[in-house]
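The values are calculated or read from the model by the stated rules, or taken from the named source; none is laboratory data. Source: prediction; values computed, not measured. Counting neighbours? That spans all protein chains shown, and the Cβs are built from the backbone with ideal geometry, glycine included. Keep in mind that these areas ignore ligands, DNA and RNA; they rest on the heavy atoms of the full protein, side chains included. Shrake-Rupley method; radii C 1.70, N 1.55, O 1.52, S 1.80 Å.
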Amino acid sequence: MRLVVFDDYEVGVVRGDAVQPITHLVPGASPGDQDNFGHLVRAWDDVRPRIDDDAAPTSPLGSVQLHAPVGRLRHLLAAPVNYAAHIEEMIEQGFVDAGAHSAEVLGFFLKAPGAISGPADEVLLPLDRYVGRRFDHEGEIAFVVGRPCYRVSADEALDYVFGYTMAADITLRGTPQRTEERVMRKSFATFAPIGPWVTTADDVELATLEVQTSVNGELRQTARARELIVGIAELVEVASHVFPLEPGDVYLTGSPEGVGPVAPGDELVLSSGQLGTMRLPIGERKAEP
Ligand code: MN
């Protein structure tokens with residue numbers, strides 16, 4: 001099932017080219033509440049059986065405004081270098097030293113939830129304050145935590161995954177003279193576009209799950225779940241032994257090779273046979289008035 005957040009933060013199910021609103025089926029949810037998706041994830045076992053029989057009128061998908069399919073989440077986690085070929089390209093380009101560690105050693109980092117933006121929103125590069133710096137796309141598979149999750153082993157970890165989506169982990173690259181903290185470089189507003197929807201885990205085949213990333217029609221990256229150095233179950237095990245993950249938390253699983261710059265005027269597209277398509281215009285933040 002494909003779940004969206006749309007218009008006044010309503011939650012809905014995508015059926016073909018239509019959206020079936022389900023906000024009224026979700027305990028605690030109401031139009032305008034930015035945590036409706038959180039309410040939905042927390043109540044999913046009760047809501048799910050009531051969706052098929054509900055007769056709410058649908059709207060054409062193209063007629064609604066999609067937001068990132070998240071609620072007021074507490075944690076936005078992300079795996080650093082989690083594909084072998086991406087480590088090599090970062091070494092070749094001088095961004096990390098030879099022998100650099102992967103996510104297997106590094107674990108995870110956090111992006112600020114304030115960086116999240118919707119699946120059709122413009123990505124705003126902060127060129128007003130970061131003149132001449134390089135901004136990169138990283139097109140990634142992401143997953144959503146479904147249940148409270150503390151100290152869970154990899155064996156049972158996938159039972160705690162609610163569903164899957166795509167995310168662009170937009171990044172300000174460091175320079176030899178100036179390397180800000182990773183959290184800051186990856187947390188500018190609009191640097192975490194997520195969407196277009198969350199596909200529930202029962203409808204995703206992990207063995208063949210891929211996300212392709214292109215810029216201006218040119219294929220740059222293909223993320224494949226089966227090529228992750230630290231797989232999704234192990235990412236959950238490691239993070240859940242640090243702090244309790246909560247329903248609705250989102251985890252970006254890492255970028256494959258092919259990372260490259262984006263500039264105002266570009267179109268960044270993330271596309272997946274299983275997860276949909278997200279078209280992101282690249283723009284720039286205007287100088288302060
Ligand atoms: Mn990344």
Strands (runs of 3 or more DSSP E) completely within the range 129-190 that count 2 or more residues being touching a helix residue (DSSP H, G or I) at 6+ places or on another chain (Cβ under 8 Å): 139-145, 161-168
Qualifying residue in the range 191-204 (condition: part of a strand (DSSP E or B), among the acidic types (Asp, Glu) and at pLDDT 95 or above): no
Flag for GLY62 being over 19 Å from PHE162 (Cβ atoms) and either open to solvent by less than 40 Å² (accessible area, probe 1.4 Å) or part of a loop (DSSP other than H, G, I, E, B) (or both): no
Any chance ALA287 is in a loop (DSSP other than H, G, I, E, B), among the aliphatic types (A, V, I, L, M) and either crowded, with 18+ Cβ neighbours inside 10 Å or in contact (Cβ under 8 Å) with a residue 40 or more places away in the chain (or both): yes
Of the criteria (1) more than 13 Å from the ligand (Cβ to nearest atom); (2) buried (at least 22 other Cβ atoms within 10 Å of the Cβ), which one ARG151 fails: (2)
Residue that is nearest to HIS75 (Cα to Cα) [pool: residues in the range 239-265 that are away from the ligand (no atom under 16 Å from the Cβ) and crowded, with 17+ Cβ neighbours inside 10 Å]: ASP249
Qualifying residue in the range 27-46 (condition: assigned to a strand (DSSP E or B), in contact (Cβ under 8 Å) with a residue 24 or more places away in the chain, open to solvent by less than 40 Å² (accessible area, probe 1.4 Å) and not hydrophobic (A, V, I, L, M, F, W, C)): no
Condition broken by ARG74, with the remaining ones in (1) at pLDDT 95 or above; (2) under 22 Å from GLU234 (Cα atoms); (3) within 16 Å of the ligand (Cβ to nearest atom) satisfied: (3)
Those residues of the range 160-185 which are open to solvent by less than 10 Å² (accessible area, probe 1.4 Å) and charged (D, E, K, R), in sequence order: ASP169
Residue within the range 223-235 that is closer than 15 Å to SER272 by Cα and assigned to a strand (DSSP E or B) present: yes
Inter-residue pairs, beta-carbon under 7 Å, first closer than 25 Å to GLU288 by Cα and away from the ligand (no atom under 16 Å from the Cβ) and in the range 118-142, second of a type outside the set (Lys, Arg) and open to solvent by 50 Å² or more (accessible area, probe 1.4 Å), 6+ apart: GLU122/PRO281; LEU124/ALA189; LEU124/GLU284; LEU125/PRO264; LEU125/GLU284; LEU127/GLU284; ASP128/ALA287; ASP128/GLU288
